[in-house]
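Participant: I'd like to ask you about the structure that follows.
A short reminder: the numbers here are calculations on the coordinates, not readings from a lab. If you're wondering where the values come from, they're calculated on a predicted model, not measured in any experiment. Using ideal geometry, Cβ is built from the backbone for each residue, glycine included, and neighbour counts are taken over all protein chains shown.
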Amino acid sequence: MAVSNSSMVSGVKNLQSHITRYPGVLHSSKQSLQFCFNARIFFEKTSNRTHSEIKQRCRCLPPNSKDKSDFSALPNTHEDEAEDVSRATLIWRAIKLPIYSVALVPLSVGAAAAYLQTGTFSTRRYLVLLVSSVLIITWLNLSNDVYDFDTGADKNKKESVVNLVGSRIGTLVAAYSLLILGFIGLSWVSVEAGNMRAILLLTCAVICGYIYQCPPFRLSYQGLGEPLCFAAFGPFATTAFYLLLGTASEIHYIPLTGTILSVSLLVGLTTTLILFCSHFHQVEGDLAVGKMSPLVRLGTERGSRVVKVAVLTLYSLLVALGLSRALPLICSFLCALTLPMGKLVVSYVEENHKNKWEIFMAKYYCVRLHTLFGAALVTGLVAARMLTNRHVPKLVFR
């Protein structure tokens with residue numbers, strides 16, 4: 001390959017600069033011969049180096065490197081770059097912000113059901129309950145990371161809070177501090193509302209969360225996490241929020257109706273679907289530490305069928321409750337509009353259940369379904385109260 005003019009000029013300038021800095025090389029025959037030989041090698045290498053190779057080498061140089069000839073600081077493989085990119089998302093994954101919809105949806109649905117029954121809404125109570133619920137969900141997330149760290153389930157989970165913070169004790173103390181603060185908030189609203197049934201239901205919900213993951217119970221390791229999740233966020237939490245937000249000074253005991261029991265079942269189903277799908281990418285790790293989740297027992301193939309059955313059950317139950325008038329018709333109609341999201345969850349799990357990198361996103365699709373379905377329930381219940389008084393919830397018991 002011919003030597004370009006720019007390369008030759010650059011090489012001559014470098015040679016002249018070297019001679020100027022080290023003039024002694026011209027006064028020794030041996031050194032001169034050696035220097036000329038090295039210079040010729042330099043020109044040959046320079047002339048044979050393509051433009052693309054030079055650009056690639058320069059692009060790899062660290063911007064802050066003082067010695068450009070030192071290539072020890074260069075990235076060795078694309079794995080380092082991938083690690084840096086994934087590292088940027090670890091904090092987001094550790095926070096699990098989308099998962100906090102499991103605090104928002106039961107509260108909002110319970111509030112909407114109470115509004116349908118009484119026509120009243122307390123913003124102050126709602127906000128206190130929301131903050132308290134978020135604190136308790138944070139306790140669940142942090143303590144789950146701690147106890148999974150103890151068993152080794154989160155050994156390779158980079159987004160684990162314990163792995164990120166580097167302190168098991170600090171994470172555990174923070175978790176239980178948040179639990180105490182959250183439960184104080186729930187108790188305060190219960191005392192103000194004068195409804196002790198609600199605090200009993202919320203206590204049951206917290207107990208479900210504790211025995212789900214905390215020693216000595218750790219029932220999630222026995223495959224009982226999904227039933228506990230259904231009970232905690234469905235009948236317990238949603239019904240309790242309904243009682244607290246529907247209780248006014250003149251109504252000390254708001255009745256339990258078919259509507260609140262119906263929506264609590266629907267909320268419990270969508271919440272449990274999130275938990276179930278969150279295990280798809282953890283099957284190998286769970287099996288290694290003896291965590292016999294439903295997906296470990298069933299396998300991902302049959303697990304994908306369970307997801308399909310669960311979504312079909314959700315919408316079948318919605319139709320049945322609408323036809324029986326346990327739900328307002330407008331509520332059933334709005335929830336039916338979320339069917340495309342339900343189909344997306346099913347198809348995504350069926351197509352990607354064998355790929356643990358892709359199936360990681362399944363739980364976030366379930367979060368979308370949970371949020372959209374919950375929003376449809378809330379909108380339908382509020383609209384039923386505002387647009388017509390024809391729907392009268394059936395009384396179950398006082």
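Participant: Take the Cβ-Cβ distance between Thr89 and Val173 as r, set R0 to 30 Å, and report the resulting FRET efficiency rounded to the nearest 0.05. Don't jump to the answer; show the numbers that get you there.
Facilitator: Values: r = 26 Å, r/R0 = 0.88.
So the FRET efficiency works out to roughly 0.70.
Participant: Rank these for me by crowding, Cys366, Cys335, going from fewest to most other beta carbons within 10 Å. Don't jump to the answer; show the numbers that get you there.
Facilitator: On the way: Cys366 29, Cys335 26.
If I rank by nearby Cβ atoms, fewest first, I get Cys335, Cys366.
Participant: Whole percent per 10 Å bin, from 0 to the bin with the longest distance: what is P(r) over all C-alpha pairs of region 96-177?
Facilitator: Answer for region 96-177: a P(r) of 17, 37, 23, 15, 7, 0 percent.
Participant: So what J values fall out for region 282-294 if you push phi through Karplus, 6.51 cos²θ - 1.76 cosθ + 1.60 with θ = phi - 60°, rounded to Hz, Gly and Pro as x?
Facilitator: Using θ = phi - 60°, the values come out as 10, 4, 5, x, 5, 5, 5, 9, x, 8, 8, 5, x Hz.
Participant: Neighbouring Cβ atoms within 10 Å as the yardstick, rank Cys214, Cys208, Cys331 fewest first. Mind showing how you got there, number by number?
Facilitator: Details: Cys214 17, Cys208 21, Cys331 30.
Ordered by Cβ neighbours within 10 Å, fewest first: Cys214, Cys208, Cys331.
Participant: Count neighbours as other Cβ atoms within 10 Å of each site's Cβ, and list the chymotrypsin sites (Phe, Trp or Tyr not before Pro) in region 210-263 that are DSSP loop with at most 15 such neighbours. Could the numbers behind the result be given before it?
Facilitator: Numbers: sites: Tyr210, Tyr212, Phe217, Tyr221, Phe230, Phe233, Phe236, Phe241, Tyr242, Tyr253; in loops: Phe217, Tyr253.
In loop regions of region 210-263 (DSSP not H, G, I, E or B), the sparsely surrounded chymotrypsin sites (Phe, Trp or Tyr not before Pro) are Phe217, Tyr253.
Participant: Okay, next question. Can you list residues whose amide H is under 5 Å from Thr257's amide H, if they're 5+ apart or on another chain and H is modeled 1.01 Å from N?
Facilitator: Sorted by chain and number, the residues that satisfy this are Val396.
Participant: I would also like to ask the following. Can you give the three extents of the C-alpha atoms in region 267-346 along their principal axes, from longest to shortest, in whole Å?
Facilitator: 48, 21, 15 Å, listed from the longest principal axis down.
Participant: How big, in percent, is the set of alpha carbon pairs in region 100-397 lying more than 37 Å apart? Intermediate results must be reported in sequence, preceding the final value.
Facilitator: Numbers: 6644 of 44253 pairs.
Looking at region 100-397, the distances longer than 37 Å represent 15 percent of pairs.
Participant: Still on this model: For Met341, Met361, Met196, which order do you get if you count the other beta carbons within 10 Å of each Cβ and list the fewest first?
Facilitator: Values: Met341 17, Met361 14, Met196 11.
Final ranking by Cβ density, sparse to dense: Met196, Met361, Met341.
Participant: Quick one: which of Lys96/Lys291; Lys155/Lys291; Lys308/Lys363; Lys157/Lys291; Lys308/Lys354 span more than 19 angstrom between C-alpha atoms? If you can, show how the numbers build up before the last one.
Facilitator: Values: Lys96/Lys291 22 Å; Lys155/Lys291 14 Å; Lys308/Lys363 14 Å; Lys157/Lys291 15 Å; Lys308/Lys354 16 Å.
Too far apart for the 19 Å limit: Lys96/Lys291.
Participant: Which one, Trp139, Ser316, Leu244, is farthest towards the positive end of the dipole of region 100-397 when Lys and Arg carry +1 and Asp and Glu -1 on their Cβ?
Facilitator: So the residue we want is Ser316.
Participant: What do you get for chymotrypsin sites (Phe, Trp or Tyr not before Pro) in region 341-387 restricted to DSSP loop and a cutoff of at most 14 other Cβ within 10 Å of the site's Cβ? List each step's numbers first, then the result.
Facilitator: On the way: sites: Tyr348, Trp357, Phe360, Tyr364, Tyr365, Phe373; in loops: Trp357.
Taking region 341-387 and a limit of 14 other Cβ atoms within 10 Å, the loop chymotrypsin sites (Phe, Trp or Tyr not before Pro) found are Trp357.
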